[in-house]
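The values are calculated or read from the model by the stated rules, or taken from the named source; none is laboratory data. Every value quoted in this text rests on a predicted model; they were computed, and no experiment measured them. Cβ sites come from the backbone with ideal geometry, for glycine too, and all protein chains shown count toward neighbours.
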Amino acid sequence: MSTQSTPTNVVIVLGTRPEIIKFAPVIRECIDREVPFTLVHTGQHYSPDLDEVFFDQLELPAPDVHLGVGSDSHGKQTAAMLEGVEEVLFDVEPDVVLVQGDTNSTLAGALAAAKLNIEVGHIEAGLRSFDREMPEETNRVVVDHIADYLFTPTSETREYLEREGLSDRIFVTGNTVVDAAHQYADVAAEKSTVLDELGLEPGEFYLLTAHRAENVDQLDRFSSLLDGVAQFADETGWDVVYPIHPRAQNRIDAFDLEVPDAIRLVEPLDFLDFLRLESTAALAFTDSGGVQEETCILGTPCVTLRYTTERPETVYVGANCLAGLDPVDIVDAGRQMLGKRPDWDVPFGDGRAAERILDLLTAPTSPTAGTIPAETPQ
């Protein structure tokens, strides 16, 4: 870890909507503190309408640079991002590059900076599913091992990194998703009209998200997932709302897959509408790591349609259940979680993660690696 402190120029690299959400508190904190930053959007997930709405609803400035990379194979996509981010870094010459999570944008941003000897801060460091079939797992591990600042959300993620010999750069800050949920949940309740538009009553519907390649790219897995969720919905009498991810919609079309009647496909939603559905659903079924976190924070029981999770804390506190993809197991998990009281302790911090991250980056002297503020969640 180098001795750089008090950065005068920060580059923030993001490329997906979850990254926009989780970076929002950090960007706002930079603005409040007048820390200069350059916002780079790789375009890994890009829809002109939805991206623009996300930045608008979160009251964020438009990206300074948009690479417009779009979808492609992992190698081609990451290579294009690496080249584009490197050009920005040559031009801006930042003190530190911030990346978040485990996407190809995260990997490209971190690699570009590390190759130029620019410090890297990894927000949401230390997550591990221990499933190397997930491309995101490779991204997490690589970025953690080249980053200078590892901003971990929990004590468990800190322990994973300590086992990998990275103790000299770990800072437990909490997760910025808690900051975002705290900042925007009330706004969503006030401004979103999605329940009326979809004819939904709070607590009388289920929410489904499924988009991971390992689930939707294989007909048998995708069909099994949908059948299990639909069987549970038929058993309980409430419909499932599924904001369909473009990747999943493409697979449904390609497979000519018949979606069960109990599952209602709707167009992708903006941030406030989705947050409103998450907070008012009776139960969420998901293969998304971010949704596991958000529902835990919002008090909505969750069933994860995977066999592993990089958010095990949600399971430990009782907010989440790993069901896998077998319909019988999905129904059993739904029965287990439906009606569960949201009296669990949120393990991801107190909503001040962005504040802690900026405290560390702008300290007058380089922070001692491993130092954790007394009020930081343990």
Fill in the blank from the handout: Over region 5-19, the set of residues at pLDDT 95 or above and either β-branched (Val, Ile, Thr) or in contact with a Lys or Arg (Cβ under 6 Å, 6 or more places away or on another chain) (or both) is Val10, Val11, Ile12, Val13
Practice task
Please name all residue pairs, on different chains or six or more residues apart, with Cβ atoms under 6 Å, provided the first residue is in region 153-172 and is of a type in the set (Val, Ile, Thr) and the second residue is assigned to a helix (DSSP H, G or I).
Solution key: Thr154/Glu313; Ile170/Arg158; Ile170/Leu161; Val172/Arg158
Handout entry: Single residue of region 81-95 satisfying the filter (aliphatic (A, V, I, L, M) and buried (at least 22 other Cβ atoms within 10 Å of the Cβ)) that is farthest from the chain's Cα centre (by Cα)
Key = Val85
Problem - Residues that are assigned by TED's automatic domain parsing to the domain that holds Ile146 and in contact with a Leu (Cβ under 7 Å, 6 or more places away or on another chain), drawn from region 168-190 - result: Arg169, Ile170, Phe171
Handout entry: Of all residues in region 188-212 being in a helix (DSSP H, G or I) and touching a residue at least 40 places away in the same chain (Cβ under 8 Å), the one that is farthest from Gln57 (Cα to Cα)
Key = Leu198
Fill in the blank from the handout: Across region 133-156, the tally of residues that are within 19 Å of Ser288 (Cβ to Cβ) and assigned to a loop (DSSP other than H, G, I, E, B) stands at 4
Handout entry: Conditions (1) modelled with pLDDT under 95; (2) closer than 19 Å to Val142 by Cα; number of the one not met by Gln100
Key = (1)
Handout entry: So Arg163, is it of a type in the set (Lys, Arg), at pLDDT 95 or above and within 23 Å of Asp287 (Cβ to Cβ)
Key = no
Practice task
Go through region 243-269 and give me each residue that's modelled with pLDDT under 95 and more than 14 Å from Leu219 (Cα to Cα).
Solution key: Ile244, His245, Pro246, Glu267, Pro268, Leu269
Handout entry: Among the candidates Gly84, Gly75, Gly43, residue that is touching a Gly at 6+ places or on another chain (Cβ under 7 Å) and more than 22 Å from Glu310 (Cβ to Cβ)
Key = Gly43
Practice task
State whether one or more residues within region 129-144 are farther than 24 Å from Pro25 by Cβ, of a type in the set (S, T, N, Q) and touching a residue at least 60 places away in the same chain (Cβ under 8 Å).
Solution key: yes
Practice task
Determine the pairs where a residue that is assigned by TED's automatic domain parsing to the domain that holds Leu60, located within region 12-30, has a partner that is among the acidic types (Asp, Glu) and surrounded by 24 or more Cβ atoms within 10 Å (Cβ to Cβ) with Cβ atoms under 6 Å apart, the partner being 6 or more residues away or on another chain.
Solution key: Pro25/Asp179
Exercise for the section: Test Thr280 against the criterion of being crowded, with 21+ Cβ neighbours inside 10 Å, touching a strand residue (DSSP E or B) at 6+ places or on another chain (Cβ under 6 Å) and either hydroxyl-bearing (Ser, Thr, Tyr) or modelled with pLDDT under 95 (or both), and give yes or no. Expected result: no
Practice task
Can you confirm whether region 69-80 contains a residue that is buried (at least 18 other Cβ atoms within 10 Å of the Cβ), assigned by TED's automatic domain parsing to the domain that holds Asp168, of a type in the set (A, V, I, L, M) and more than 16 Å from Thr16 (Cβ to Cβ)?
Solution key: no
Exercise for the section: Please specify each residue of region 303-336 satisfying the condition of being of a type outside the set (Asp, Glu), surrounded by fewer than 22 Cβ atoms within 10 Å (Cβ to Cβ) and part of a helix (DSSP H, G or I). Expected result: Pro312, Val315, Tyr316, Pro327, Val328, Arg335, Gln336
Completion exercise
Note on Glu133: of the conditions (1) of a type outside the set (A, V, I, L, M); (2) over 17 Å from the mean Cα position of the chain (by Cα); (3) under 14 Å from Val10 (Cα atoms), unmet is (3)
